[in-house]
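Derivation of every value follows stated rules applied to the coordinates shown; laboratory data play no part. Because the structure is a prediction, the values reported are computed rather than measured. FYI the Cβ positions are ideal-geometry reconstructions off the backbone, even for glycines, and counts take in every protein chain you see.
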């Protein structure tokens with residue numbers, strides 16, 4: 001198993017956000033973390049990579065306990081994180097953003113290079129010398145993912161990768177995630193868009209008020225409208 005999370009709790013001050021969250025991700029698997037805004041999806045990702053100081057529970061990544069490790073050690077171990085707000089370096093070019101993300105080649109998994117990433121995201125290939133701040137939201141999203149892949153992670157957390165993007169860009173994003181999967185990468189996406197999750201995911205979990213309330217196949221969610229109505233409808 002690539003990632004095993006058990007009994008994960010997270011707090012912002014006195015607010016108890018995540019409550020005994022448990023889930024797992026297999027090697028080469030795409031798993032969707034579904035739920036409404038405020039359900040705890042982003043907090044789950046931040047807790048996994050050590051960006052929520054007040055947290056407890058067990059996080060096992062590639063058979064190593066990373067529950068209390070600092071963020072930089074978690075990143076070096078091969079757990080990549082693409083935040084919802086992208087956080088590219090707006091004054092640096094595409095090529096310079098990619099160079100900043102570079103980490104060592106790992107013995108397992110794909111070795112991502114700029115040329116390989118330009119094949120994955122052809123839009124970026126056409127603007128290698130363009131500053132990040134002069135790119136559209138969809139292009140910035142692609143750049144953020146590409147920069148994370150330059151670290152050669154074995155698992156990537158993608159926070160709301162389709163949010164606010166044009167339908168054409170969403171399709172490109174779905175194809176890119178499937179390529180990443182075919183390269184052996186494990187991917188966890190947080191999403192509100194069930195249709196997008198269905199295109200790319202093997203399994204899904206649903207978060208509601210910091211609890212996991214469902215875990216299973218995407219097809220099961222589609223076959224049970226009561227689940228969609230209770231936890232995913234706006």
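Computed from Cα atoms, the angle from the helix 137-149 axis to the main principal axis of the chain rounds to 90 degrees.
Eigenvalues of the alpha-carbon gyration tensor of the range 156-234, scaled by 5 and square-rooted, set the equivalent ellipsoid semi-axes at 22, 14, 12 angstrom, largest first.
Report note on the peptides 25-36, 173-184: ranked by the mean count of other C-beta atoms within 10 Å, highest first, their order is 25-36, 173-184.
Decide, for the range 8-71, between rounded, prolate and oblate: order the square roots of the alpha carbon gyration tensor eigenvalues as a ≥ b ≥ c, take rounded if a/c falls under 1.5, and otherwise choose prolate if a/b is larger than b/c, else oblate. If you can, show how the numbers build up before the last one.
Values: a/c = 2.10, a/b = 1.18, b/c = 1.79.
Verdict is oblate for the range 8-71.
Altogether, the Stokes-Einstein calculation at 25 °C and 0.890 mPa s, with the Kirkwood radius of the chain over Cα pairs as Rh, returns a diffusion coefficient of 137 µm²/s.
Among 2-10, 39-47, what's the highest-first ranking by average C-beta atoms within 10 angstrom per residue? Provide the component values of the computation, followed by the final result.
On the way: 2-10: 19.6, 39-47: 23.6.
Ranking the peptides 2-10, 39-47 by packing returns 39-47, 2-10.
Among DSSP bridges having both ends in the range 3-231, what percentage is antiparallel? Round to the nearest 5.
Of all bridge pairs located within the range 3-231, approximately 55 percent are antiparallel.
Need the C-alpha centroid separation for the range 179-218 versus the range 1-80, integer Å. Centre-to-centre distance over Cα atoms comes out at 15 Å. Translational diffusion of the range 1-131, estimated by Stokes-Einstein from the Kirkwood radius over alpha carbon pairs at 37 °C in a medium of 0.692 mPa s, is 196 µm² per second.
Helix-only arithmetic for the chain: the sum of -39500 (n - 2.57) across DSSP H runs with n ≥ 4, divided by the residue total, places the mean residue ellipticity at 222 nm at -9500 deg cm²/dmol.
How much length would be gained if the chain were fully extended between residue 72 and residue 136, taking 0.36 nm per residue of separation minus their Cα-Cα distance, in nm to one decimal? Kindly include the intermediate steps, with their values, before the conclusion.
On the way: separation 64, 0.36 × 64 = 23.04 nm, distance 2.88 nm.
Between residue 72 and residue 136, full extension yields an extra 20.2 nm.
Our summary gives the range 3-231 a relative contact order of 29 percent, counting only alpha carbon pairs under 8 angstrom and 6 or more residues apart. I'd like the orientation of helix 167-182 relative to the chain: the angle between its Cα long axis and the longest Cα principal axis, in ° from 0 to 90, rounded to 10. Helix 167-182 sits roughly 80 degrees off the main axis of the chain.
Counting beta carbons within 10 Å around each of 147, 102 and listing the fewest first gives the order 102, 147.
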